[in-house]
Each structure stands twice: as structure tokens, then as C-alpha cells.
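Okay, structure first, notes after.
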Amino acid sequence: MAVFTQLHHPDFSLWQSAVEQTVAKADDLAVDLRSGAHDMIAATHTVATNMQNGNSPAHEAQAGNANDSEGWAKYCSSIWWEIAKAQVEGDRQAEANWRAQLGPFTTCDDRYALAAEQYVAFKLKKGQVPYRVWRNVSDYIIDWKVPSQARIAIVGDWGTGQAGARALLQAIARKNPDLVIHLGDIYYAGTEFEMQNYFLDFWKSNFNLSKVRTFTLAGNHDMYSGGAPYYQLIDDLGQPASYFCLRNDGWQFVALDTGLHDDDALDAKPTYLEDTEVEWLKDKIATADGRHTVLLSHHQLFTANEAIGGQSVNARLQDQVGSILKNVDVWFWGHEHNQVIYQKWQGVLARCLGHGAYPVGRDELAPVPRFEVPMQNVVLSKGDSFYSHGYAIMDLDGPAARVAYYQDSDPEDHPMYLESFGTAAAAQ
């Protein structure tokens with residue numbers, strides 16, 4: 001599997017995108033790029049890991065760790081990112097200082113300079129996220145009616161572009177869903193190139209979009225490039241906004257935008273909803289007319305494994321949505337690259353489905369949860385190097401629903417967990 005590292009850091013994610021896009025276009029690799037490691041990309045991922053471990057972005061450059069080919073690539077990636085940042089900031093002295101550190105006879109790949117140009121272009125084009133605010137509180141109830149007997153696939157954090165992501169989508173397609181909902185995150189920064197090559201092209205090759213409806217939520221990585229490519233993608237999919245409501249006579253699926261305000265590199269400021277969106281959400285609950293409600297978002301309300309501003313609960317988001325949770329049958333979210341079947345907590349049944357494609361090493365997930373949050377004993381399998389990926393299939397039958405959870409290491413007709421909601425759950 002290709003080297004793949006992501007950070008909750010907008011600027012570094014953009015540098016990863018700039019390096020990878022430059023290599024892809026120069027080598028005409030495009031969709032095959034993430035099938036194998038490339039020196040420039042692998043070096044940039046290593047620098048990302050160093051940053052995640054507490055070193056400064058310029059760690060490799062300042063250390064001068066260029067004694068071998070791998071060290072030299074990290075050195076080059078670090079310095080060229082510093083040059084790109086200085087160009088964005090208009091700091092000519094800093095740019096000159098970093099160029100001087102390269103030296104007159106640098107052996108850095110010429111494509112780093114092109115990547116720096118791409119990074120600057122990303123930053124200058126970024127602008128304000130074109131978030132859409134409703135004019136009438138009834139807006140964004142999609143006019144396509146979910147069939148009373150429908151199969152709905154739900155997958156999160158799928159947009160890696162790797163071979164495993166493609167194989168997982170093919171497995172979903174073989175389940176013949178009527179509707180596919182992606183819970184967000186197209187890596188690394190939701191650029192136009194990534195939206196096209198790591199999401200839409202694959203999606204079109206597996207689904208007839210005139211027959212299989214597709215919706216994708218706003219993840220934090222989708223917003224790192226400014227969000228404009230994400231909004232172009234949802235326009236292509238026929239999705240009116242980053243939050244929306246799908247209904248039939250027995251069910252409503254209410255999707256929220258938690259990605260808009262997740263732009264903090266250290267996760268010190270938990271994400272939240274726009275006040276207008278909270279008003280819109282409460283209206284959907286008030287006008288449910290007896291329908292069962294499924295809530296969808298990229299980010300989690302609470303967690304057993306990853307801190308949210310140092311806590312197990314996103315207190316700000318809880319303040320916004322807590323009053324409506326008694327009316328929610330189940331809440332699906334992603335963001336954490338894991339599958340977790342929570343027991344009812346904070347007033348809601350929640351399921352984390354962030355294990356769609358992002359590679360998680362078999363030693364990366366802690367053996368003991370960080371927080372005492374009640375959950376079912378349903379654990380993903382470990383392969384030789386990585387945890388399994390997976391998705392959920394929700395079958396509607398009038399007011400009843402059955403959800404099956406699949407992982408790619410099992411036979412496709414063998415779900416690892418089954419549960420029921422709606423009238424089917426009440427009958428149990």
C-alpha cells in the first residue's frame with residue numbers, strides 16, 4: 001500500500017496536495033499515483049509525520065538531514081515548503097534565506113519548485129468557503145423521494161484514491177444500492193484535482209448516477225483548499241448544499257455540515273454548526289410528521305478514542321443539538337478512521353463509520369479506549385499491516401430498517417454486525 005499520511009492541518013495538507021498533484025501531472029500518473037510510493041510524496045509524508053510528532057514544519061531542513069536519498073528528499077520538501085509559505089506571505093527576506101539554504105548546487109528535484117508554485121496558487125485561490133445559507137427554512141429538502149423499500153450504503157473517509165478505496169466502492173456497487181452517502185473527507189485538501197481523480201471519476205465508473213443517487217458531506221479535509229471544489233462536486237451530484245434532508249413516508253435522513261468550522265490545526269477548537277443550520281435542523285425535527293430520523297455528519301459528537309478539545313464530548317456541538325437527540329433513531333458519523341458501534345450515550349445511538357479507505361496501521365489504534373464511553377464489542381479485523389476497511393448497508397422496508405456492517409476482509413455476504421431500527425427495532 002502507498003505511503004499515506006494526513007494531518008488535521010490545512011496548510012500542510014495543501015502542501016501534500018501540491019506535491020502529489022505536481023508529480024501526477026508531470027509523470028502522467030493521475031489515478032495510479034496512489035498505488036505506489038514516490039520519493040517526493042513519501043518524503044513529504046515523512047515530514048508530515050515529524051510535524052505530527054511535535055517537530056516544526058522546517059525540522060528536516062533545519063536539521064540538514066541530507067546524508068542519503070531519503071534524507072535529502074525530506075530536506076528538499078521542507079525547504080521548498082518554507083519557500084512557498086514565504087511567497088504567500090510576501091516575505092522576501094525569508095524566501096531568500098531559505099533559497100540560500102538550498103545552496104547553489106542543489107540536487108532537489110525540479111518539481112519541488114513547481115509544487116511551490118502550485119501551493120501558492122492554492123493559497124491565493126482559497127478564499128472564503130462558499131457555504132450556502134437557506135432562504136426559507138424548508139430549503140434543502142431534496143425533491144427526490146427515498147423509495148419506501150430502499151437500500152442505502154453509508155461510507156466515510158473514502159476519498160483516498162488508493163486501490164483499497166476502489167475495491168471497497170466496487171463491493172458497495174455489487175450490493176446494488178439505491179442511494180450512497182459519503183460522510184466526507186477527500187484527501188488531502190479537497191482540491192479540484194482530488195475531487196475529480198479520487199472521487200468523482202471512480203464514482204462514475206461504478207454507479208449510474210442517474211439511477212443511484214449520491215451525496216457527500218463536508219469533511220474537514222474537503223474544506224482545506226477553501227471548499228470551492230467541494231461545492232462544484234456537490235453541484236455535479238445534484239446536491240443543493242452541504243447540509244440537506246432526504247425523506248420518504250417513514251424516514252428522514254438529515255445531513256449536517258460539521259466541516260465548515262474545523263480549520264484548527266491542533267483540534268483545540270471543536271467544530272460546530274452555523275446558527276442558521278441549527279435552526280434548519282430543529283425545523284426538520286419539528287416537521288418530521290412521525291418519520292424516523294437518521295442524523296448524518298462527518299464529525300463526531302463524542303468519542304471513546306480521540307480527544308475533542310481534550311474531552312470525550314464536543315460540548316459546543318452538544319449544546320446546539322442536544323435538545324433534538326431524543327427524536328433521533330441513530331447518528332452516523334466518520335472522521336475517526338475506525339468503526340465504533342456505541343451504546344446509547346449523551347441521549348443518542350451513534351455509529352462511527354470513518355473506516356472507508358484511509359490506511360490505519362495495525363498498531364495505530366490504542367488497545368484500550370481513551371474515554372469511558374459505552375460501546376458494543378464489535379472490532380475491526382487486523383491484516384498483516386493494516387486494519388480492515390468497511391461500510392454499512394441500511395435496508396428500508398416501510399417504517400422498519402435493518403443495518404448490516406461489512407468489512408473488506410470478510411466474505412461480501414457475511415456482515416460482521418446486524419441491527420434494526422424503526423418499527424423493526426420496537427418489535428424486538
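Every number in this text was worked out from the coordinates using simple rules, so none of it is lab data. What you see is a predicted model, and the numbers here were worked out from it, not measured in a lab. Here the Cβ positions follow ideal geometry from the backbone for every residue, glycine too, while neighbour counts run over all protein chains shown.
Qualifying chymotrypsin sites (Phe, Trp or Tyr not before Pro) in the range 346-401, where qualification requires a DSSP coil assignment and no more than 16 other C-beta atoms within 10 Å, comprise F371. Taking every full run of DSSP H in the chain, the ones that stretch at least 27 Å from end to end by Cα along their long axis and average -0.5 or higher on the Kyte-Doolittle scale are 69-89. Over the range 101-183, the fraction of Cα-Cα pairs per 5 Å bin, rounded to whole percents and listed from the shortest bin up, is 3, 9, 11, 10, 11, 13, 13, 11, 7, 5, 3, 3, 1, 0.
Enumerate by residue number the trypsin sites (Lys or Arg not before Pro) in the range 197-247 meeting two conditions: DSSP loop (anything except H, G, I, E, B), and at most 10 other Cβ atoms within 10 Å of the site's Cβ. Within the range 197-247, the qualifying trypsin sites (Lys or Arg not before Pro) (loop, at most 10 other Cβ atoms within 10 Å) are K211.
Both radii were evaluated on the Cα set of the range 235-319; the Rg over Rh quotient, with Rh as the Kirkwood radius, amounts to 1.01.
Restricting attention to the range 68-127, which chymotrypsin sites (Phe, Trp or Tyr not before Pro) occupy a DSSP loop and are surrounded by at most 11 other Cβ atoms within 10 Å?
Counting only loop positions with at most 11 other Cβ atoms within 10 Å, the chymotrypsin sites (Phe, Trp or Tyr not before Pro) in the range 68-127 are F105.
In this structure, the amide hydrogen of G383, modeled 1.01 Å from its nitrogen in the peptide plane, lies closer than 5 angstrom to those of S388, counting only residues at least 5 positions away or on a different chain. Counting only Cβ charges, +1 for Lys and Arg and -1 for Asp and Glu, the dipole size of the chain around its Cα centre is about 800 debye.
Restricting attention to the range 307-365, close to 60% of DSSP beta bridges with both partner residues there are antiparallel.
For the chain, dividing the convex hull volume of the Cα atoms by the residue count gives 138 Å³ per residue. For the chain, the list of Cys residues with no other Cys C-beta under 4.7 Å reads C245, C352. Run down the lysines and flag those whose C-alpha is under 17 Å from the C-alpha of K123, throwing out any fewer than 8 positions away in its chain. Counting by Cα, and skipping residues close in sequence, K123 has these lysines nearby: K85. Sorted on the mean count of surrounding Cβ atoms within 10 Å across their residues, most packed first, peptides 142-150, 161-169, 174-182, 329-337 read 329-337, 161-169, 174-182, 142-150. Dividing the helix sum by the residues of the chain, where each DSSP H run of 4 or more adds -39500 (n - 2.57), gives a mean residue ellipticity at 222 nm of -10000 deg cm²/dmol.
If you restrict to DSSP beta bridges whose two residues both lie in the chain, what percentage is antiparallel, to the nearest 5?
60 percent
So what does the Cα-only Debye profile of the range 289-428 read at q = 0.10 Å⁻¹, as log10 I(q)/I(0), no solvent term? Rounded to two decimals, the profile gives -0.35.
In the structure shown, do any of K25/K145; K204/K382; K125/K175 have a Cα-Cα gap over 32 Å, and if so which?
K25/K145; K125/K175
First measure r as the distance between the Cβ atoms of Q128 and A96, then evaluate 1/(1 + (r/R0)^6) with R0 = 25 Å and state the FRET efficiency to the nearest 0.05. Given R0 = 25 Å and the Cβ-Cβ separation, E is 0.20.
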